[in-house]
Amino acid sequence: MLSKIALVEASLAIGSAVAASVSCTADLPFSCSNTTVVEDLCCFNAPGGDVLLTQFWDTAPSTGPSDSWTVHGLWPDNCDGSYEQYCDQNRQYTNITAILQEKALCTLKTMQTYWKDYMGDDESFWEHEYGKHGTCMNTLNPECYDNYQPTDEVADYFTRAVSLFRTLPTYDWLAAAGIVPSSTQTYTLAAIQNVLTAHHGHNAIIRCSGSTLNELWYHFQVKGSIQSGTFKAVDPVGSGATCPSTGIKYLPKYATPTTTTTTTKSVTSTTTSVPTGTAGALSGKGYVKVLPDGFMISTGNWYRASGTPATYTATPNSDGQAFTLKTSKGPCQLLADASLSCAADLTASNFGYDGTYITYNSAATFYAASTPSGQDKGVVFTTQQAVALQMYWQPL
Ligand SMILES: *[C@@H]1O[C@H](CO)[C@@H](O)[C@H](O)[C@H]1NC(C)=O
Ligand SMILES: *[C@@H]1O[C@H](CO)[C@@H](O)[C@H](O)[C@H]1NC(C)=O
């Protein structure tokens, strides 16, 4: 059966042909391993020939699926490990999502799951990665395209980053060797490095915040262009490793928060202004807004297209600690399958408020199977799914 979404994607894919970049001959050396000057800089990465695909393991706050690392970026380091940045002021695009919607919808969808900003603002994270690093990849320069139209190269940058990321399933590699997220177990640097080297073929740079594992840098050399060349794993150049040799923590994502309220608050306040108040019961009428974006509609679903949020009514319980929610559709309930719904025949569930977010059973993180797009109404769950979200109250 062909789903509506599949049809839309197929027609977009056909309608969104991106200008072709110049084709490259096969007899070029890999970047950073040429012995003579290579003239054609549309087919050879220089000076940024040491290309890194970097990944995050974010737990404070958590981002992305709990069983996958996420993308940080695709970076062109120089052959000695130094690097250039912000190479073209005219290509610091501020509409990456819109560009990819037109030119690389599948890539965008993958990014919405696997390329996550810890502050919930994926668009500005992607703008930063492209503006700082993507503009320094010389084979993506406008002159390397036939009939170049502005932003043609953006799809190539993100599509390459995503396809390279797909070849580096860090979580699965580590898990297969018994290195799994744990709040109690610790691991040695050698154990982690051995697993990564066995799969990648070369060492990766392993990075920690204190003793908590949070980032990996995989290095490559490229024969041909970023957009269509062949990538070969290589040993890291330069330094960057920051983990201790023993006692490395690989923390689970979305662990039940114990003292994370402060972290979450300080993080979100830099992007969206989330009203805060006293923990306890909410009361009166308000909008239920969603982080990373969007709002809740009257059915109890998450909606991200433009429009007016539904008015929710919060009614405190007699103990003043919990409250119920209802909309024009009826009371809001967490159903047996852990999904949230508001409808006339339902029995209102009890919710809490931690001073910033709406909680259920003391947890402020809710989930959806994917980020709803277009007119989709995302079903919100309390059990773990691919996408995490939080809900906050905007009093009316
Ligand atoms: C490799 O090619 C680049 C680009 O032309 C050039 O700058 C660099 O000097 C070359 N390296 C060697 C060892 O010739
Ligand atoms: C994105 O911004 C660029 C530069 O401002 C512009 O040329 C391009 O048309 C925009 N693309 C979309 C899809 O909005």
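The values are calculated or read from the model by the stated rules, or taken from the named source; none is laboratory data. None of the values given here were measured: they were computed from a predicted structure. Note that each Cβ is placed from the backbone with ideal geometry, even for glycine, and that neighbours are counted across all protein chains shown.
Okay, here's what the table says:
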| item | result |
| --- | --- |
| Residues satisfying the stated conditions in the range 285-300, i.e. touching an Asp or Glu at 6+ places or on another chain (Cβ under 9 Å) and modelled with pLDDT of 95 or more | none |
| Filter result for the condition that a residue is in the same structural domain as A161 (by TED's automatic domain parsing) and at pLDDT below 95, over G238, G229 | G238 |
| Subset of the range 66-110 that is of a type in the set (S, T, Y), without any contact (Cβ under 8 Å) to a residue 60 or more places away in the chain and closer than 27 Å to I205 by Cα - its residue that is nearest to ligand 1 (Cβ to nearest atom) | Y83 |
| Any hit, the range 136-151, residues being more than 12 Å from ligand 2 (Cβ to nearest atom) and part of a strand (DSSP E or B) | yes |
| Matching entry among L174, L100 (being surrounded by 22 or more Cβ atoms within 10 Å (Cβ to Cβ), in a helix (DSSP H, G or I) and within 12 Å of ligand 2 (Cβ to nearest atom)) | L100 |
| Among residues of the range 327-351, those that are assigned to a strand (DSSP E or B), among the small types (G, A, S) and in contact with a Gly (Cβ under 8 Å, 6 or more places away or on another chain), counted | 1 |
| Within the range 11-48, tally of residues that are at pLDDT 95 or above and within 16 Å of ligand 2 (Cβ to nearest atom) | 0 |
| Boolean, E102 is among the charged types (D, E, K, R) and within 21 Å of S370 (Cβ to Cβ) | yes |
| Residue among T365, T324 that is touching a residue at least 40 places away in the same chain (Cβ under 8 Å), surrounded by 18 or more Cβ atoms within 10 Å (Cβ to Cβ) and either touching a Gly at 6+ places or on another chain (Cβ under 6 Å) or not assigned by TED's automatic domain parsing to the domain that holds D67 (or both) | T365 |
